1. What is the dipole size for the chain, taken about its Cα centre, with +1 at each Lys and Arg Cβ and -1 at each Asp and Glu Cβ, in debye to the nearest 20?
2. Quick one: what are the phi-derived ³J(HN,Hα) couplings along the range 217-225, Karplus 6.51/-1.76/1.60 with θ = phi - 60°, whole Hz, x for glycine and proline?
3. Which whole-number percent gives the relative contact order of the range 195-244, counting Cα pairs below 8 Å spaced six or more residues apart?
4. Whole-Hz ³J(HN,Hα) for each residue in the range 182-189, computed from phi via Karplus 6.51 cos²θ - 1.76 cosθ + 1.60 with θ = phi - 60°, x for glycine and proline: what do you get?
5. Just from its helices, what would the mean residue ellipticity at 222 nm be for the chain, if runs of 4 or more DSSP H residues each count -39500 (n - 2.57) and the sum is divided by every residue, rounded to the nearest 500 deg cm²/dmol?
6. Hey, in the GNM for the chain with a 10 angstrom Cα cutoff, which one of 170, 341, 112 fluctuates hardest?
7. Using a 1.4 angstrom probe, figure out how much accessible area the range 36-172 has per residue, in square angstrom, rounded to the nearest whole.
8. Lys/Arg Cβ at +1, Asp/Glu Cβ at -1, dipole of the chain taken about the Cα centre: which of 240, 285, 397 is farthest positive-ward?
Amino acid sequence: MIFIFYILAAVLIYFSYKSFRGGIDYLNYFKKELAKPQSNYTPFATIIAPCKGFDEGLRENLAALLEQAYPAYEVIFVVDDKGDPAVEVIEEASRKNAKIANMIVAPKATDSSQKIENLREAILHVSERSQVFVFVDSDARPAKDWLRHLVAPLEDENIGAATGYRWFISKNRTFASEMRSIWNASIASALGANTKANFCWGGSMAIRRDTFERLEIREKWHGTLSDDFVVTRSMKAAHLPIYFVPQALTATIENCTPHELFEFTTRQMKITRVYASNLWALSFFGSGLFNFVLICSLLLVIFGAASGIEFFAAAITLLTVGIFSVAKSTLRLKAVMLVLSDYRAELKHQYWTHNILAFLTPALFLYNCVAAALSRTMTWRGVTYKLTAADKTEIVTAAKR
């Protein structure tokens, strides 16, 4: 049994080292992208922002979309009900920017997620002038140059899509809020220079109109729950690169309860299991390995003889994995601070929480993976869905009014 531990400990140390190396690459990629001269590619773009409910900081988020440093663009806000709490905020923001803002009401979803229904409807209302479709979540707060940077890579017609990602920042640093932030951060750092391995995130994503129509994305969205996974699969099937834009990283400023933490993280993993089962299996293996080896190491250190080889092997494992984990977290935060400079103070505080909670995150991932193996039902924005298949979504319970 002890030999199995030695083998698995060696594997975990190797993976931890690879993760650390990935942190170095992540920081270097940010520096490289930020050093590039600003692009002059600014075609007319359409920003599509599906909204549902009153997100924390919604006014500031929508205002940021309407105040982009970009020569010509439009913003289409989409809701599924004129009585939605977001409508008042949308109308208030739109009055100040009536020339570029528009709000439409999408039909109620029947066989897909409401977000998908909103996006499919919005596509029918874009300007004829639009050459680029940009998708953003209502809880994202982009910087003023977000749109310019996100669109820039699409000047190369061989690029399939450009993407950013989210970074959670909480005003009140609770355990649940910081756990969600570090959980999400581990996914954010999976993006980088490798355009073949990158994935799209629907909360900050841009696609050329001709590419979107040629790949029939709107049609492929029908019956689905996840917009970004569908786009990612379409790009990979067409062998089109996905370009990660560090400057398109968006802050999500909101707090989180323990219930919201588990609901959010488990939903993400359930979606991953259906749309990218290989990633779910890899996460299951990785989180299981981490938890097993660290628990065994702790037990050996506590109960093993101080002079025994098992004790030293366990101690070295804990020390090595700990150093690599903290180093990776630190490198990731250094990279993010380069682009989210407006939140430097908040990010500095995350050095402590992220480095400490990095050791608990694999336990949460393991829980999420197990939950995803046992159920395909999830609640999102008040609606309960069942993911029957990648292209078949069942609405179990509609949102309450």
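1. For the chain, the charge dipole is close to 580 debye.
2. Per-residue couplings from phi come out as 4, 4, 5, 5, 5, 4, x, 9, 10 Hz.
3. Across the range 195-244, relative contact order equals 60 percent.
4. 6, 4, 5, 4, 5, 7, 4, 7
5. Result for the chain, helices only: -17000 deg cm²/dmol.
6. Fluctuation is largest for 341.
7. Result: 40 Å² of accessible area for each residue.
8. Positive-end residue among those listed: 285.
The values are calculated or read from the model by the stated rules, or taken from the named source; none is laboratory data. From a predicted model like this one, the values you see are computed outputs, not experimental measurements. Positions of Cβ are generated from backbone atoms using ideal geometry, with glycine treated the same way; all protein chains shown enter the neighbour counts. Ligands, DNA and RNA are stripped out before the accessible areas are found, and what is left, the full protein with its side chains, is counted by its heavy atoms. Shrake-Rupley method; radii C 1.70, N 1.55, O 1.52, S 1.80 Å.
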